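Down below is the structure, laid out as structure tokens.
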Amino acid sequence: MVEQQPTSKDIEHVLKRGVALVEKEADLRRLLLEGNKGQPLRVKLGVDPTHYDLTIGHAVVFRKLRQFQRLGHKAVVVIGDWTARLGDPSGREEARKPLSEEQVKANAATYLDQFFRIVDPALTEVRWQHEWFDGFNMGDALKLLGHKTVAQMLVRDDFAKRYKNGVEIYLSEFMYPLLQGYDSVALRADVELGGTDQTFNLLVGRELQPAFGQLPQQILTMNLIVGLDGVKKMGKSLDNYIAMTAPANDMYGKLMSLPDHAMRLYFEALTDVDDAELDEFEHKMAEGTLNPRDVKRRMAREIVTVFHNVVAAQEAEEAFIRQFSERKLPADIPEYQLHESMDIVTLLVNAKLATSRNQARGIIEQGGVSLFPSGEERDEVRVTDATYQVPLSDGAIIKFGKRRFIRVRV
């Protein structure tokens, strides 16, 4: 049961803050104001465990789900152990590689741990697609396929682009939105949440429900945050992301590298700073009475607090100021055991500073790698040669990019 009648301000926050679209907004507003016959709404979120960890971009929708919980509604998270094996075609220029059942299960375990950092487990119902799809037969699958035409599928932007460019579209990919849509039928969802890239899939669920004798679910989509480049959607393949499990110092430092124009989006999606205060920030920055750097520090501090705590956020800020404003090296540099002299590219990859040899060479060519032979700030030497041999020098520090360091131990 909904314990407390929400105020108009509460509802406005849920329906507007960071929201891209509410399908039939008047209907959802009425449900939130007047209630659902005294019962909490079933607010669905589908999660495909396609990787072992999540980015803070995933947390945008998790936070919206938590807002519904605060109004007394039930979060229903669906683990897509079937759809993850197919691969979501949303926003893809080519088909995804299928995952094995074992990969999906392993990823799901870490997903839920991260998911419950944001969402209240006591107000959450966790369901798995295999509960209903393991019992599907050929007749059920054909009946489901009968609810959509090929022409309707090709209206979808990503399919349309691939068809136009002669890129293969597999029939199994057409099944994806239908399977996700049927989840809403199986769960009798009242509301479904997702990013803007999920709009097509969510609408399929809304269209399917009346065919199964249910009221159509309400749909709310969230603005997707851009990655650290400030341009493209946050994603692991673009290496422009921050992991939800990133250490506080690393998270703070990466947030401080975000372009100024993206700050408002991050504030709205990942913090509870009031809109009026955000408006004031923008006004003062525009007139030149407020330094964007100070606003960005506030943003980074607020977001690190969400994923860690107030103390960790404050310490991360102090470490950042010490390192960059005072040009000092970090106090807590991880150590790397070096048994023999090796070239800088191999060391960067082996120490997991670089994800590949090509990335290591690229950063070196851009002047982004330095060596501190004695471990002191004053003796920084820029490494510009990808064949440079790192000497066996105990205590030497290697800097990769703006924020990553290792201390060599021999």
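Could you check Arg85 against (1) assigned to a helix (DSSP H, G or I); (2) modelled with pLDDT of 75 or more and say which number it fails? Of the numbered conditions (1) assigned to a helix (DSSP H, G or I); (2) modelled with pLDDT of 75 or more, the odd one out for Arg85 is (2).
Selection of the range 246-283 for residues being in a loop (DSSP other than H, G, I, E, B), of a type outside the set (Gly, Ala, Ser) and either under 21 Å from Leu54 (Cβ atoms) or at pLDDT 95 or above (or both) yields Pro247, Leu258, Thr271, Asp272, Val273.
Every condition in (1) over 28 Å from Met251 (Cβ atoms); (2) aliphatic (A, V, I, L, M); (3) surrounded by 13 or more Cβ atoms within 10 Å (Cβ to Cβ) holds for Val369 except the one numbered (1).
The criterion of being in the same structural domain as Leu392 (by TED's automatic domain parsing) and surrounded by 16 or more Cβ atoms within 10 Å (Cβ to Cβ) holds for Arg361.
Of the set (1) surrounded by fewer than 13 Cβ atoms within 10 Å (Cβ to Cβ); (2) under 25 Å from Leu255 (Cα atoms); (3) of a type in the set (Gly, Ala, Ser), all apply to Ser374 but (2).
Sort through Leu28, Leu65 and tell me the only one that's among the aliphatic types (A, V, I, L, M), in the same structural domain as Val104 (by TED's automatic domain parsing), part of a helix (DSSP H, G or I) and at pLDDT 95 or above.
Leu65
Can you name the number of the only condition in (1) touching a helix residue (DSSP H, G or I) at 6+ places or on another chain (Cβ under 7 Å); (2) part of a helix (DSSP H, G or I) that Arg322 fails? Here Arg322 clears every test but (1). Please go through the range 352-390 and give me each residue that is out of contact with any Leu (no Cβ under 9 Å at 6 or more places or on another chain) and part of a loop (DSSP other than H, G, I, E, B), ordered by number. Listed by number, the residues that qualify are Lys352, Thr355, Ser356, Gln366, Gly367, Gly368, Pro373, Ser374, Thr384, Asp385, Ala386, Thr387. Once the range 169-188 is narrowed to residues that are more than 11 Å from Val78 (Cα to Cα) and among the charged types (D, E, K, R), the residue that is surrounded by the most Cβ atoms within 10 Å (Cβ to Cβ) is Glu173. A residue that is farther than 21 Å from Arg409 by Cβ, surrounded by fewer than 17 Cβ atoms within 10 Å (Cβ to Cβ), among the hydroxyl-bearing types (Ser, Thr, Tyr) and not assigned by TED's automatic domain parsing to the domain that holds Gly253 occurs nowhere in the range 331-348.
The values are calculated or read from the model by the stated rules, or taken from the named source; none is laboratory data. Computed from a prediction, not measured in an experiment: that's the story for all the values here. Heads up, the Cβs are rebuilt from the backbone with ideal geometry, glycines too, and the neighbour counts pull from every protein chain shown.
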